[in-house]
DNA sequence: TACACAATGTTATATTATAACAATTAACAC
DNA sequence: GTGTTAATTGTTATAATATAACATTGTGTA
Ligand SMILES: [Zn+2]
Ligand SMILES: [Zn+2]
Ligand SMILES: [Zn+2]
Ligand SMILES: [Zn+2]
């Protein structure tokens, strides 16, 4: 079978919702909000999330246990992710910076480990929260 | 009161253990292994972990929900962390690279957000696992 | 058709983390 | 020392996040 190009029913339902809310959202919040669409058990959510992460449609914000739609249609799907996180309002933005991603992709550690993926999370205060 | 310099009893017990095992360890594993030292409830562990993270003695590996002792006595305590993680054997090393940390500390995102902290996790195969 | 594999449904359970409240201890000013 | 404050501890219960196990159904391909 060829690599699938179309999402399954549950995968599409979950992705549509994550893209709609347009901010990081937690698995059980997805679950609670999609009851009427037939998403009734945690596994329906987690299975869809797993797949969507794998194919790069969404990313997991590890420090928040939350999921967000990918904003970089052309990003190195799920292999090179960077986010900025406001510790006050919890706003999260995906960073798209070719110099940064180039730098990190080429980074070589002293132990000679071969990297194929990274995740970077910056924390601070967004503009709105800085002036408060 | 001045910033405390000595750890409390539970904090010291937990830190000693994390430093001894010398690899990422999970909260409930700590709990199970320190029963005889009087650590009997999750909160005793989590409170100590919180404090130890705050003062930079340990770091949390976010993608693994695990905690590891800091190897960089002179690192920007808990404000600038980078790790390499082998996806095969789960070996984790703390990266100490002044060029990398300088680059990231100075990184400026397009939204003008002011960062005061970051966490970077690289994934790949360690040398041992590469040759398998 | 038969086969392989992906996806689903379902129940139960495992793992990770915090709420709430009372009691105790340590540091400091006077 | 006394009083005051903040940090730490103890304890029970519960919340939040995630996976195991197994049966079933759908989908593409030979
Ligand atoms: Zn992306
Ligand atoms: Zn903010
Ligand atoms: Zn460190
Ligand atoms: Zn390895």
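Any residue that is within 11 Å of chain A (Cβ to nearest Cβ) and over 14 Å from the mean Cα position of the chain (by Cα) - is there at least one of those in the stretch B:75-86? Talk me through it step by step, then tell me what you get.
Within the stretch B:75-86, the first condition is being within 11 Å of chain A (Cβ to nearest Cβ), and the residues that meet it are B:78-86.
Remaining after also requiring over 14 Å from the mean Cα position of the chain (by Cα): B:86.
Yes.
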Report, by residue number, each residue of the stretch B:110-131 that is without any contact (Cβ under 8 Å) to a residue 24 or more places away in the chain, away from ligand 2 (no atom under 16 Å from the Cβ) and touching a strand residue (DSSP E or B) at 6+ places or on another chain (Cβ under 8 Å).
B:130
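So how many residues does the stretch A:92-105 have that are in contact with a strand residue (DSSP E or B) (Cβ under 9 Å, 6 or more places away or on another chain) and either under 18 Å from residue A:56 (Cα atoms) or more than 9 Å from every other protein chain (Cβ to nearest Cβ) (or both)?
Qualifying residue count, the stretch A:92-105: 8.
Just one of B:110, B:99, B:128 is over 20 Å from residue A:80 (Cβ atoms) and either more than 16 Å from ligand 3 (Cβ to nearest atom) or modelled with pLDDT of 90 or more (or both); which is it? Working first, answer last.
Values: B:110 fails: over 20 Å from residue A:80 (Cβ atoms); B:99 fails: over 20 Å from residue A:80 (Cβ atoms).
When all the criteria are applied, what remains is B:128.
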The listed residue being at the interface with chain A (Cβ under 9 Å from one of its Cβ atoms), within 25 Å of residue A:92 (Cα to Cα) and under 11 Å from the mean Cα position of the chain (by Cα), out of B:110, B:60:
B:60
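The values are calculated or read from the model by the stated rules, or taken from the named source; none is laboratory data. Since this is a predicted model, take the numbers as computed values, not measurements. Methodologically, a virtual Cβ is constructed for each residue, glycine included, from the backbone with ideal geometry; neighbour enumeration extends over all protein chains shown.
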